[in-house]
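To keep things clear, I will list the structure first and then write my remarks on it.
Bear in mind these aren't lab numbers, they're just calculated from the coordinates by the rules spelled out. The shown structure was predicted, so the numbers you read here are calculated from the model rather than taken from an experiment. Reconstructed Cβ throughout: ideal geometry from the backbone, glycine too, with neighbour counts over all protein chains shown.
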Amino acid sequence: MFRYLADDAPNKSQQQVCIIINDRKVTVPVNTSVWSAMAASGEATTRLSSVSQQPRSAYCAMGACFECLVEIDGLPNQQACMTRVYPGMEVRSQTITEASQAVPLAAGLGYELNADQEADHD
Amino acid sequence: MNAQAGKSKASVIIIGGGIQGCSTAYQLAKRGIDVLVLEKDRVARHASGVNAGGVRLLGRDIAEVPLSNVSMQRWQTLDDELDADTGFRRRSLINIAADEADIQTLQKRQDVMHQQCYFHETMIDQQELRERLPHVADYCVGGVVSETDGYAIPYKSTFAFRQAAARLGANFVEGQQVQQLRRVGNSWLVETVAGRYEAEYLVNCAGAWADQVAVMMGDNCPMTYSAPMLMITTRMPHFATPVVGAVSRPLSFKQFENGTVLIGGGAKGFADRANNKTRLDYAKLAAGASNAVDFFPIMRTATVNRMWAGLEAYMPDNLPVISASVNSPNAFHAFGFSAHGFQLGPVVGEVMADLITRTHSDFDLSAFRVDRFERKVL
Ligand SMILES: Cc1cc2nc3c(=O)[nH]c(=O)nc-3n(C[C@H](O)[C@H](O)[C@H](O)COP(=O)(O)OP(=O)(O)OC[C@H]3O[C@@H](n4cnc5c(N)ncnc54)[C@H](O)[C@@H]3O)c2cc1C
Ligand code: FES
């Protein structure tokens with residue numbers, strides 16, 4: 001659905017970075033925003049509304065509306081439209097709703113969603 | 001005579017429409033007393049509307065335990081009593097022990113409590129702590145729990161008292177800053193910015209401004225005021241059902257049903273009561289946030305959404321003034337709650353109503369006298 005305008009006139013010298021979006025490796029142009037990277041790679045859902053659980057994506061694409069919140073490297077609530085990609089970045093659509101239960105992790109930061117939520121989300 | 005609609009005469013005039021004023025109005029109205037509340041701003045505009053909503057019996061000063069105990073019983077059924085939604089949730093409250101020194105502190109406290117026949121605080125070991133709070137940091141060694149504790153929504157609770165009082169005939173007039181009090185015969189004449197009122201009895205529930213009202217009644221006391229700060233996160237996955245505190249560190253937080261986490265802990269900002277203003281001290285808020293992360297690693301993923309402060313009255317011993325005036329007849333005080341007066345709201349109304357209608361309370365109020373700091377001068 002989304003594509004880079006630059007792809008119409010490919011510039012071979014354009015540098016690319018590799019990032020991970022929802023567990024999938026994708027290669028995107030350097031300096032692109034996380035949201036552009038997501039949209040161009042078919043992962044336009046940034047988050048589920050925490051109240052209605054409806055999918056959300058970028059709305060203003062300029063930092064004002066906070067519709068585009070994603071998890072970046074384990075930290076939720078990052079604005080996809082305002083954040084530049086960097087190599088190795090791990091982006092995840094955010095699925096925190098009123099019903100989310102945190103599952104204790106053995107080590108490290110963060111939480112995981114339990115199986116039920118994963119199912120809901122699909 | 002008065003500019004605003006409403007009666008200018010009442011049997012009892014309460015100065016201040018926070019939870020103490022509204023609860024007192026409710027109890028008096030329930031006893032058929034003609035009561036009027038004068039509030040300088042709006043009901044629940046100050047501490048009672050913006051506090052952390054902690055309904056805590058755990059860790060109370062011994063002098064406060066009898067009052068707090070009864071208040072806690074009231075909270076369990078307050079929604080029914082007031083026919084309203086205060087948002088009260090019984091969730092238990094756990095104070096976490098971070099090390100052996102904390103355990104010793106708790107042990108000493110427990111000895112004192114047991115001597116007084118108070119058994120509502122139960123020490124828990126590391127295993128039970130982890131069962132109750134699976135996300136607690138590994139190093140935490142135990143803690144203490146009070147099962148009846150929880151939280152309520154502050155402005156809803158204060159409004160619940162206000163509405164219940166109003167249904168029973170209490171009058172509330174807002175935008176009425178009391179500026180002068182005078183004794184004329186057996187009455188009190190009350191002058192506000194916008195009108196004049198008359199009453200037989202006065203109750204000072206003026207929160208962070210209560211020392212000023214006390215002086216108008218002839219009572220001087222060393223009350224100070226400050227601006228405790230709070231912050232609330234965006235929704236997080238549920239990880240803590242009990243309300244959480246720490247034995248020796250300024251940590252206090254609770255996760256609401258919608259997933260947001262309210263972080264307090266007593267850090268204070270800058271208070272400007274003359275202008276109804278507070279300013280936040282971000283360095284202290286950051287320290288509070290990092291405290292929360294120390295105890296709960298998952299808090300590293302928290303996003304703070306809003307921060308604010310409220311104006312609160314403090315006494316040097318952190319105990320409230322719940323007392324008849326010593327220098328004026330028919331005048332009473334309830335203020336200086338030192339950042340834990342929300343929980344006491346239900347019982348304070350009962351005590352004040354008793355002081356007025358029965359001239360005494362069944363509680364021992366000697367620790368809360370308004371003149372307890374007065375020194376004998378030779
Ligand atoms: C940030 C914060 C967090 C807190 N957290 C908790 C908690 O978790 N648990 C807990 O138990 N307690 C907590 N507290 C304390 C609790 O909020 C207060 O102790 C309690 O609300 C005091 O109620 P009050 O009615 O005495 O005062 P207030 O709510 O301040 O009401 C006093 C009212 O009097 C009015 N007034 C003052 N002067 C005049 C005048 N001259 N004429 C007319 N009206 C006047 C004011 O406008 C005000 O509305 C907290 C307080 C703050 C600020
Ligand atoms: S799309 Fe509006 S803030 Fe990102």
Only helices counted: for chain B, with every DSSP H run of 4 or more residues adding -39500 (n - 2.57) and the sum spread over all residues, [θ] at 222 nm is -8000 deg cm²/dmol
Non-local residues with an amide H under 5 Å from the amide H of B:Ala246, with H modelled 1.01 Å from N and Pro and chain starts lacking one, are B:Ile96, B:Leu251
When B:Asp80, B:Asp61 are arranged by how many other beta-carbons sit within 10 Å of their Cβ, fewest first, they go B:Asp80, B:Asp61
Per residue of A:93-104, other chain Cβ atoms within 10 Å number on average 5
Beyond 16 Å, the calculated P(r) of the stretch B:286-378 holds a percent of Cα-Cα pairs equal to 67
The aspartates and glutamates whose Cα lies under 19 Å from the Cα of B:Lys268, excluding any fewer than 8 residues away in the same chain, are B:Asp281, B:Glu312, B:Asp317
Rounded to one decimal in Å, the inverse mean reciprocal Cα-Cα distance for the protein assembly as shown, i.e. its Kirkwood radius, is 25.2
In whole Hz, the Karplus estimates of ³J(HN,Hα) for the stretch B:151-159 (6.51, -1.76, 1.60; θ = phi - 60°; x where Gly or Pro) are 9, 9, 8, x, 5, 5, 5, 5, 5
At R0 = 51 Å the Cβ-Cβ FRET efficiency linking A:Gln15 and B:Glu174, nearest 0.05, sits at 0.20
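If you take every residue apart from B:Leu106 with its C-beta less than 15 Å away from the C-beta of B:Leu106, what net charge results, scoring Lys and Arg +1 and Asp and Glu -1?
Within the 15 Å Cβ shell, the charges total -3.
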Along principal axes, largest first, the alpha-carbon spread of the stretch B:1-130 in whole Å comes out as 65, 28, 27
The local net charge around A:Val17, scoring Lys/Arg +1 and Asp/Glu -1 for residues other than A:Val17 whose Cβ lies under 12 Å from its Cβ, equals +2
With label points set 7 Å from each Cα along the Cα-to-Cβ direction at B:Arg183 and A:Tyr86, the distance between them in nm comes to 7.2
For the table B:Lys9/B:Lys40; B:Lys40/B:Lys284; B:Lys156/B:Lys254, the rows whose alpha-carbon distance is greater than 20 Å are B:Lys40/B:Lys284
Bridge orientation stat for the protein assembly as shown from DSSP, antiparallel percent rounded to 5, came to 70
Mean per-residue count of partner chain Cβ within 10 Å for B:231-243 equals 4
Eigenvalues of the alpha-carbon gyration tensor of the stretch B:91-225, times 5 and square-rooted, give semi-axes in Å, largest first, of 47, 19, 14
Once B:Val293 and B:Ser366 are pulled to full extension, the length gained, defined as 0.36 nm per residue separation minus their Cα-Cα distance, is 22.2 nm
In nm², the average projected area of the convex hull spanned by the Cα atoms of chain B is 19.5
Phi-derived 3J(HN,Hα) across the stretch A:48-65 with the Karplus relation (6.51, -1.76, 1.60, θ = phi - 60°), rounded Hz, x for Gly and Pro, is 9, 4, 6, 9, 9, 6, 6, x, 10, 9, 4, 10, 8, 6, 9, x, 9, 9
For the pair B:Ser8 and B:Gln104, the simple spin-label estimate (label points 7 Å beyond Cα toward Cβ) gives in nm 6.6
Diffing the stretch A:78-92: the Karplus 3J(HN,Hα) column from phi (6.51, -1.76, 1.60, θ = phi - 60°), in whole Hz with x for Gly and Pro, holds 9, 7, 5, 6, 10, 10, 7, 5, 9, x, x, 4, 10, 10, 9
Spelling it out for B:Ile14: with amide H atoms placed in the peptide plane at 1.01 Å from N, the residues 5 or more places away or on another chain with amide H under 5 Å from its amide H are B:Leu36, B:Val37, B:Leu38, B:Val203
Along principal axes, largest first, the alpha-carbon spread of the stretch B:77-167 in whole Å comes out as 52, 34, 16
Rounded to the nearest 10 degrees, the helix B:282-295 long axis (Cα) sits at an angle to the longest Cα principal axis of chain B of 50
Non-local residues with an amide H under 5 Å from the amide H of A:Asn22, with H modelled 1.01 Å from N and Pro and chain starts lacking one, are A:Val91, A:Arg92, A:Ser93
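Summing +1 for each Lys or Arg and -1 for each Asp or Glu, what net charge is found among the other residues whose Cβ lies under 13 Å from the Cβ of B:Phe253? Each step should come with its number before you reach the end.
Numbers: positive: B:Arg56, B:Arg91, B:Arg249, B:Lys254; negative: B:Asp294.
Spelling it out: positives minus negatives among the neighbours equals +3.
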Stokes-Einstein, Kirkwood over Cα pairs, the stretch B:176-262, 37 °C, 0.692 mPa s; D in µm²/s equals 194
